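Step one of this worksheet: look at the structure below.
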Amino acid sequence: MALRKYNRVVLKLSGEALAGTLGYGIDPTVIQSIAKQIKEVVELDVEVAVVVGGGNIWRGLAGSSKGMDRATADYMGMLATVMNGLALQDALEADGVPTRVQTSIEMRQVAEPYIRRRAIRHLEKKRVVIFAGGTGNPYFSTDTTAALRAAEIEAEVILMAKNKVDGVYTADPSKDPTAKKYEELSFLDVIKEGLGVMDSTASSLCMDNDIPLIVFSIMEEGNIKRAITGEEIGTIVRGSK
């Protein structure tokens, strides 16, 4: 059995990753693949928490840019993350992985409210915990949620799974063929150069709490396990290089 490098991790999944090539909604094939990859990691005795985005269903910034009240648009985005969280829970449990969804906005009929100590207890019992509903407040991204929850549950690393790139580049590789991939960066580099890995609030939280970030592609099966076992994939971002 492969040796794990980390004992407790936060996996950050963008909503777009769940849409796959469909571009909107949830691609059943993709979500089943992600569930399978998470199961591989759980079988290494790793405690896994997941933060899901909602961009495959609704993006708050897109709504506010068209005249909608920003707070309302953001709350709608939080509800979209709950839908994604429930879909991921269903895929995981169909694969035999015990899972709990916790939401920062109470909706007791479908999920538990987020309670830090309860989340940690679930992890200790080897249940995958899916954090949905963002931070529960408008104006904060799900990247910030990932950084906040990682600090709260004392995760050792954030795994940022991307569906379009396999790391951090000097520019958008789909638009600039000369873009070069970084092997390692500091959070200060990310903030200063505006690299778009995660927003500045999330980057600052990770930097202040010394939580490293690994950015990699979710589209290649087995990459989550590779990151967990310490293989050099994607780009690693640390407090300092």
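The values are calculated or read from the model by the stated rules, or taken from the named source; none is laboratory data. In this text the structure is predicted, and so the values were computed from the model without any measurement. Heads up, the Cβs are rebuilt from the backbone with ideal geometry, glycines too, and the neighbour counts pull from every protein chain shown.
Quick check, is A147 farther than 14 Å from L79 by Cα, in contact (Cβ under 8 Å) with a residue 40 or more places away in the chain, in a helix (DSSP H, G or I) and of a type in the set (G, A, S)?
Values: farther than 14 Å from L79 by Cα: yes; in contact (Cβ under 8 Å) with a residue 40 or more places away in the chain: yes; in a helix (DSSP H, G or I): yes; of a type in the set (G, A, S): yes.
Yes: the conditions hold for A147.
On the basis of being outside any loop (DSSP other than H, G, I, E, B) and farther than 18 Å from R149 by Cβ, does T81 make the cut? Against the criterion (outside any loop (DSSP other than H, G, I, E, B) and farther than 18 Å from R149 by Cβ), T81 does not qualify. For region 162-189, a residue qualifies if it is assigned to a helix (DSSP H, G or I) and touching a Gly at 6+ places or on another chain (Cβ under 8 Å), and exactly one does: F187.
No other residue among G15, G20, G53 is out of contact with any strand residue (DSSP E or B) (no Cβ under 9 Å at 6 or more places or on another chain), under 24 Å from S141 (Cβ atoms) and touching a residue at least 12 places away in the same chain (Cβ under 8 Å) apart from G20. Scanning region 1-25 for residues that are under 10 Å from the mean Cα position of the chain (by Cα) and not small (G, A, S) yields V10, L11, K12, L13.
Among the residues of region 190-217, those that are outside any helix (DSSP H, G or I) and either among the aliphatic types (A, V, I, L, M) or closer than 15 Å to G53 by Cβ (or both) comprise L195, G196, V197, M198, D199, I211, L213, I214, V215. Restricting L159, L92, L88 to residues that are in contact with a Ser or Thr (Cβ under 6 Å, 6 or more places away or on another chain), outside any loop (DSSP other than H, G, I, E, B) and surrounded by 22 or more Cβ atoms within 10 Å (Cβ to Cβ) narrows the list to L92. For region 41-54, the set of residues classified as touching a Gly at 6+ places or on another chain (Cβ under 7 Å) and either surrounded by fewer than 23 Cβ atoms within 10 Å (Cβ to Cβ) or not in a loop (DSSP other than H, G, I, E, B) (or both) consists of V52 only. Of the residues making up region 161-175, those that are in contact (Cβ under 8 Å) with a residue 40 or more places away in the chain and among the acidic types (D, E) number 1.
Here the condition is being buried (at least 18 other Cβ atoms within 10 Å of the Cβ) and among the hydroxyl-bearing types (S, T, Y); of T142, T178, T170, it holds for T142 alone. Taking the criterion of being among the hydroxyl-bearing types (S, T, Y), touching a Pro at 6+ places or on another chain (Cβ under 9 Å) and not in a strand (DSSP E or B), the only residue of region 95-117 that qualifies is S104. A single entry from N137, N84 fulfils the requirement of being at pLDDT 95 or above and farther than 30 Å from R4 by Cβ: N137.
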